[in-house]
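Undergrad: The structure's right below; bear with me while I get my questions together.
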Amino acid sequence: MSESNLERGIPLAPTLERQLTSLRLPERLPTLNRRVAVITALSMLVAIAAALGAQALTRLIAFITNVAFHQRLDVQGADPSTNRLGLWVIAVPVVGGLVVGAMARFGSRAIRGHGIPEAMEQILLNDAKIPKRMTLLKPISAAIAIGTGGPFGAEGPIIATGGALGSTLGQLVPVTSHERKTLLAAGAAAGMAATFGSPVSAVLLAIELLLFEYRSRSLVPVALAACVATAVRFAFVGSSPIFPMESVQEPGAVALTTYVVLGAFIGVCSVAITRLLYAVEDGFERLPIAWPWWPAIGGLAVGVIGYFAPRTLGVGYVNIEETLRGDLLGSVLLTLCVAKLASWLIALGSGTSGGTLAPLFTIGGALGALSTRVVAEALPGHQIDPRIGALVGMAAMFAGASRALLASVVFAFECTRQPIGLLPLLGACTAAYFVSGLMMPNTIMTEKLARRGVRVGSQYGVDDLELIHVGDIATRQLVTIDADITVADARTIAAGSPHQVYPVTRNAELLGIVASADLKTRDGSLNVHEIISSFAVAAYPDHTAREAADHMLQSGVGRIVVISTGPIRRPIGIVTRRDILAATKHTRPALDREPALISSR
């Protein structure tokens with residue numbers, strides 16, 4: 001049974017004058033407007049703060065590393081692998097784990113984990129609202145974990161910190177939830193750009209993992225934020241690539257095929273690593289020990305492994321650089337790959353504060369260099385270069401684990417400035433992405449969210465409803481009621497009609513609408529214009545179905561009247577929610593029946 005306007009809380013208009021000024025139409029906003037300009041300006045401020053925060057965090061990590069491993073007060077970069085602590089090196093990560101566990105227990109449990117998945121969770125579940133205390137707790141806890149030997153890179157915490165800065169600003173100024181999400185993504189992209197000097201891949205990473213859209217309203221602020229953060233980085237450390245790489249030879253057909261096959265192999269490895277990581281996390285969950293103690297247990301594993309394989313300690317960017325130069329060979333690469341993997345899995349699985357990018361790059365680079373060296377010796381004369389293999393392995397590992405395909409390709413190029421590697425990178429990362437997607441529905445970033453029942457979309461396309469005009473789907477067989485007839489006469493006109501509401505007109509112009517329930521329940525001697533609702537929800541034929549659907553949602557109605565665009569607002573049709581849903585069937589090729597010849601599984 002349909003509700004009357006009064007039952008739905010819609011006020012009635014007693015006069016024609018009130019009704020003539022109460023037409024509601026969908027708001028048409030340009031793609032880029034002044035509000036986008038304001039959000040862009042705020043994003044650039046966030047970028048400056050994130051870039052400065054990245055420099056501060058880098059120096060804090062160096063300071064803690066120097067104190068913990070070399071017993072000196074210095075903020076310049078330090079390599080923990082050159083320590084002379086002997087067996088005491090095992091205790092250093094344990095102490096770091098105890099401190100991080102205490103910070104998580106008494107500060108915020110949210111500091112635990114990778115950084116990017118937590119940002120994704122806040123975007124999807126909490127309107128991009130990250131607790132303000134995370135702006136300080138996350139980078140400090142990460143600096144302690146990494147500075148005491150944790151096998152992580154600084155990029156994950158910096159990305160999380162930049163996102164927290166953007167979210168905090170979005171909570172302090174009056175913005176929409178979407179604009180707050182844009183500020184968060186801008187801060188995260190700025191953090192990555194400030195770490196690696198890779199603005200384009202930072203923007204792509206934000207699009208693929210945080211924004212969940214490709215629209216100019218979010219692309220412009222994020223892109224300019226990444227540019228600003230990169231400029232700040234250049235002012236501090238210069239414009240040289242973070243992983244400089246010597247010129248390499250253009251690959252031939254055999255070499256290119258080798259790199260693509262390597263990418264597929266790395267894709268399989270990325271799935272195995274993702275499953276191992278969550279298996280380790282599940283193992284810690286089953287321990288009969290309170291969770292704040294777990295980072296200390298992970299630190300013990302880091303210390304033991306670091307004693308036998310010192311290269312696994314700390315950030316390890318030097319390892320990536322030497323692998324790309326071809327300086328690491330044979331058993332050194334194998335030890336680095338296996339030991340770094342074990343140390344990182346246990347440490348991150350214990351719930352400490354750390355990231356995923358640098359460890360994945362280290363493991364993938366070492367695996368790629370090893371694999372291509374074996375193939376190069378088996379197929380001499382085909383210009384199969386282990387250095388390109390390392391580059392391909394590094395990027396393909398991240399592409400397979402995160403499914404950020406374009407970000408992975410461009411990132412490897414921006415970090416090395418090696419254009420010859422672009423084609424092998426594209427083929428290998430795509431192969432890794434494809435194999436990983438076939439083998440596992442979720443990624444290293446989304447598996448935790450999926451376990452909590454949160455679905456993260458990864459397929460982006462044009463909104464089907466934006467391709468449909470209201471005029472093309474409107475029901476044209478319209479029953480209108482003159483405003484000056486009585487309610488009793490209107491009942492006769494509406495008898496047998498399937499509609500729930502009727503446009504009310506005077507001289508063919510729309511004045512409002514009346515619900516069928518009002519016609520049945522109101523005094524039959526009243527004129528219709530005395531019982532029509534105080535507003536009419538309408539749209540023009542060239543409004544899109546998306547605009548109409550949003551208009552229905554904001555107005556709390558299930559149907560809108562379509563009116564002509566001329567000087568007289570003449571009702572020409574009506575559109576319901578069912579009409580909009582039915583129309584999408586013709587724009588969704590994915591809903592077509594698949595041919596029986598090829599299975600989708």
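Undergrad: Within the bounds of segment 32-39, is there any residue that is more than 28 Å from W293 (Cα to Cα) and of a type in the set (D, E, K, R)?
TA: Within segment 32-39, the first condition is being more than 28 Å from W293 (Cα to Cα), and the residues that meet it are 32-39.
Pick out the ones that are also of a type in the set (D, E, K, R) and you get 34-35.
Checked segment 32-39: at least one residue is more than 28 Å from W293 (Cα to Cα) and of a type in the set (D, E, K, R).
Undergrad: Before we move on, is P310 at negative phi and open to solvent by less than 40 Å² (accessible area, probe 1.4 Å)? Break it down into steps so the answer makes sense when it comes.
TA: On the way: at negative phi: yes; open to solvent by less than 40 Å² (accessible area, probe 1.4 Å): no.
Here the answer is no, as P310 does not meet what is asked.
Undergrad: Does E414 satisfy the criteria of being acidic (D, E) and either over 26 Å from T335 (Cβ atoms) or in contact (Cβ under 8 Å) with a residue 12 or more places away in the chain (or both)?
TA: Details: acidic (D, E): yes; either over 26 Å from T335 (Cβ atoms) or in contact (Cβ under 8 Å) with a residue 12 or more places away in the chain (or both): yes.
Criteria met by E414.
Undergrad: Here's another thing I want to ask about it. Could you figure out which of (1) in a helix (DSSP H, G or I); (2) out of contact with any Leu (no Cβ under 9 Å at 6 or more places or on another chain) isn't true of S247?
TA: Failing condition for S247: (1).
Undergrad: Which condition does G86 not pass, out of (1) on the phi < 0 side of the Ramachandran plot; (2) surrounded by fewer than 16 Cβ atoms within 10 Å (Cβ to Cβ), if it passes all the others?
TA: (1)
Residues are listed down the side, and each one gets a yes or a no for (1) of a type in the set (F, W, Y); (2) exposed (fewer than 14 other Cβ atoms within 10 Å of the Cβ); (3) more than 24 Å from the chain's Cα centre (by Cα):
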{"position": "F212", "(1), (2), (3)": "yes, no, no"}
{"position": "P221", "(1), (2), (3)": "no, no, no"}
{"position": "T230", "(1), (2), (3)": "no, no, no"}
{"position": "S239", "(1), (2), (3)": "no, yes, yes"}
{"position": "E246", "(1), (2), (3)": "no, yes, yes"}
{"position": "E250", "(1), (2), (3)": "no, yes, yes"}
{"position": "L256", "(1), (2), (3)": "no, no, yes"}
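Undergrad: Being surrounded by 24 or more Cβ atoms within 10 Å (Cβ to Cβ) and out of contact with any Ser or Thr (no Cβ under 8 Å at 6 or more places or on another chain) is the requirement here; does P441 meet it?
TA: Values: surrounded by 24 or more Cβ atoms within 10 Å (Cβ to Cβ): no; out of contact with any Ser or Thr (no Cβ under 8 Å at 6 or more places or on another chain): yes.
No: the conditions fail for P441.
Undergrad: I'd like the residue in segment 504-526 that is open to solvent by less than 50 Å² (accessible area, probe 1.4 Å) and of a type in the set (S, T, N, Q) and, out of all such residues, is modelled with the highest pLDDT.
TA: T505
Undergrad: Moving to a separate point now. Criterion first (within 25 Å of the chain's Cα centre (by Cα) and either closer than 19 Å to A164 by Cα or open to solvent by 10 Å² or more (accessible area, probe 1.4 Å) (or both)) does Q71 satisfy it? If you could, list the steps in order and put the result at the bottom.
TA: On the way: within 25 Å of the chain's Cα centre (by Cα): no; either closer than 19 Å to A164 by Cα or open to solvent by 10 Å² or more (accessible area, probe 1.4 Å) (or both): yes.
When the stated conditions are applied, Q71 does not pass them.
Undergrad: Considering each residue of segment 274-302, count those that are open to solvent by less than 10 Å² (accessible area, probe 1.4 Å) and within 25 Å of the chain's Cα centre (by Cα), and give that number.
TA: 3
Undergrad: Restricting to segment 155-183, what's the tally of residues that are under 14 Å from L137 (Cα atoms) and hydrophobic (A, V, I, L, M, F, W, C)?
TA: Here the count works out to 5.
Undergrad: Go over the candidates L169, L136 one by one and state the one that is over 16 Å from the mean Cα position of the chain (by Cα) and without any contact (Cβ under 8 Å) to a residue 24 or more places away in the chain.
TA: None of the others qualify; the one that does is L136.
Undergrad: Working carefully through the options G351, G330, G316, find the one that is among the small types (G, A, S), at pLDDT below 90 and farther than 30 Å from L98 by Cα.
TA: Criteria check complete, one pass: G330.
Undergrad: Keeping to segment 527-557, report how many residues are part of a loop (DSSP other than H, G, I, E, B) and either out of contact with any helix residue (DSSP H, G or I) (no Cβ under 6 Å at 6 or more places or on another chain) or exposed (fewer than 14 other Cβ atoms within 10 Å of the Cβ) (or both). Spell out the reasoning first.
TA: From segment 527-557, those part of a loop (DSSP other than H, G, I, E, B) are 531-532, 534-535, 540-543, 556-557; that's our starting set.
Then keep just the ones that are either out of contact with any helix residue (DSSP H, G or I) (no Cβ under 6 Å at 6 or more places or on another chain) or exposed (fewer than 14 other Cβ atoms within 10 Å of the Cβ) (or both); that gives 532, 534-535, 540, 542, 556-557.
Qualifying residue count for the region: 7.
Undergrad: Has segment 249-272 got at least one residue that is in contact (Cβ under 8 Å) with a residue 12 or more places away in the chain, of a type in the set (A, V, I, L, M, F, W, C) and under 30 Å from G77 (Cα atoms)?
TA: Going through segment 249-272, the residues in contact (Cβ under 8 Å) with a residue 12 or more places away in the chain turn out to be 249-252, 254-256, 258-271.
Narrowing further to those that are of a type in the set (A, V, I, L, M, F, W, C): 254-256, 260-262, 264-266, 268-269, 271.
Keeping just the survivors that are under 30 Å from G77 (Cα atoms) gives none.
There is no residue in segment 249-272 that is in contact (Cβ under 8 Å) with a residue 12 or more places away in the chain, of a type in the set (A, V, I, L, M, F, W, C) and under 30 Å from G77 (Cα atoms).
Undergrad: Could you list all residues from segment 202-222 that are in a helix (DSSP H, G or I), under 24 Å from T443 (Cβ atoms) and not β-branched (V, I, T)? Walk me through it before giving the result.
TA: Initial filter on segment 202-222 (in a helix (DSSP H, G or I)): 202-211, 216-222.
From the residues that got through so far, the ones that are under 24 Å from T443 (Cβ atoms) too are 202-211, 218-219, 222.
If the condition is that a residue be in a helix (DSSP H, G or I), under 24 Å from T443 (Cβ atoms) and not β-branched (V, I, T), then A202, L204, L205, A206, E208, L209, L210, L211, S218, L219 are the ones that fit.
Undergrad: Separate question: Can you pull out the residues in segment 31-41 that are at pLDDT below 85 and surrounded by 10 or more Cβ atoms within 10 Å (Cβ to Cβ)? Outline the logic, then answer.
TA: To start, the set of residues in segment 31-41 that are at pLDDT below 85 comprises 31-33.
L32, N33, listed by residue number.
The values are calculated or read from the model by the stated rules, or taken from the named source; none is laboratory data. Values in this document were obtained by computation on a predicted structure and should not be read as measured data. Here the Cβ is made from the backbone with ideal geometry for all residues, glycine too, and neighbour counts use every protein chain on show. Protein only, heavy atoms only, side chains kept; ligands, DNA and RNA dropped before computing areas. Shrake-Rupley method; radii C 1.70, N 1.55, O 1.52, S 1.80 Å.
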